[in-house]
Amino acid sequence: MQNESIITTEFPVSFWRILGKSFRFFKHSFTQYLFLSFISYLPFLLFDLLISSYTIDIIEFFHGNFLDIIVFLTLPTLFMQNRVFSLATIQLFLQRFFASAVAISFIQLGTLLLFTLIFSQISPGIILIGMIPYIYLIFAGFFLIMENAPKVFSVRMNVINSIRLVRTRFLVIFMQYLVITLIIVLPFLFFSMWYMTGQPEFAAFEEVYLNEPDNNALISQKLVELVNSFNKPGFKWSRIGIHVLFRPVKSLFLAFLFLGLLYQFNPQGVRRYLGLETPEESPVEDADVS
């Protein structure tokens, strides 16, 4: 029997209602979503252990993209049976959607890096403008699931449909994406501040900065030492733990934002995907928001 306080058939678009719904679903299936976040991070962790370069930012990007799709895959059983089947969801993702998810993630990463780099060269103050092309692609993975095409690679139409949907409410989506990203990053920022103030490198930097403010060379040296202190294993593992714990909330938020937007154009397609009514048409047609 469904828990009506959690499983509702409303699909809001307002930020706070989506955020509240995301936290309720996260709390409702906390163990399952934490397991999904952890198990989907393991391959990236092994990759990171095999190489020596700093890759955690790229890893978090790809893991976040995959987790968005995996979390979206859990919603039909959550709505129909009030349960998240973690292992079955992972298996379905790997068997049916993995190749396309990888391709979409590379397209998103390439777009983000290219345009943010271009605009950062113009002025660091307008680097957010470089994110605009990436925002147009953030729903491609969700369209991939709703399309459910029996192909190894299914990318083009999902990217196009994402662009079409974002174009209908770009400012709303852009602002909500920035705010939810900030909220999810806050625990890491607070931890970083706490960690930094407890390091001897911070005390050394503070002492030099206060006592010798004109000694730029020494200040730069102490700053480099402070930045390098963040490469210690304790900080790295804590960062991974915080990411794995809180990232599913952002995935749920983006999933509900996507469903809320799509519901305005095709309520039947959304309800069919969630198993709330009998399918009558192909999900591919339902996904078209042109």
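Here is how the numbers come out for the structure above:
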read-out	value
Set of lysines with alpha-carbon distance to Lys222 below 28 Å, sequence-local pairs under 8 removed	Lys232, Lys236
Label point at Leu128 placed 7 Å out along Cα→Cβ; residues across the stretch 149-192 whose backbone nitrogen lies under 17 Å	170-186
For the chain, accessible area per residue (1.4 Å probe, heavy atoms of protein chains only), Å²	51
Whole-number Å³ per residue for the convex hull built on Cα positions in the stretch 1-147	140
Fraction of accessible area attributable to carbon and sulfur, the chain (%, probe 1.4 Å)	66
Average projection area in nm² (convex hull over Cα atoms of the chain, one quarter of hull surface)	17.3
For the stretch 122-195, projected area of the alpha-carbon convex hull averaged over all directions, nm²	7.5
Along principal axes, Cα extents of the stretch 90-244, largest first, whole Å	65, 38, 23
Computed FRET value (nearest 0.05) for Leu92 with Ala217, which takes r as the C-beta separation and R₀ as 45 Å	0.20
Mean-position separation - Cα centroids, the stretch 134-168 and the stretch 27-60, in angstrom	24
Karplus 3J(HN,Hα) series, Hz, for the stretch 104-111 with 6.51 cos²θ - 1.76 cosθ + 1.60 (x for Gly, Pro)	4, 5, 5, 5, 5, 5, x, 5
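The values are calculated or read from the model by the stated rules, or taken from the named source; none is laboratory data. Treat the numbers as computed from the prediction; the structure is a model and nothing was measured. Every residue, glycine among them, receives a Cβ derived from its backbone with ideal geometry; neighbour counts consider all protein chains shown. Heavy atoms of the whole protein, side chains included, go into the accessibility calculation; ligands, DNA and RNA do not. Shrake-Rupley method; radii C 1.70, N 1.55, O 1.52, S 1.80 Å.
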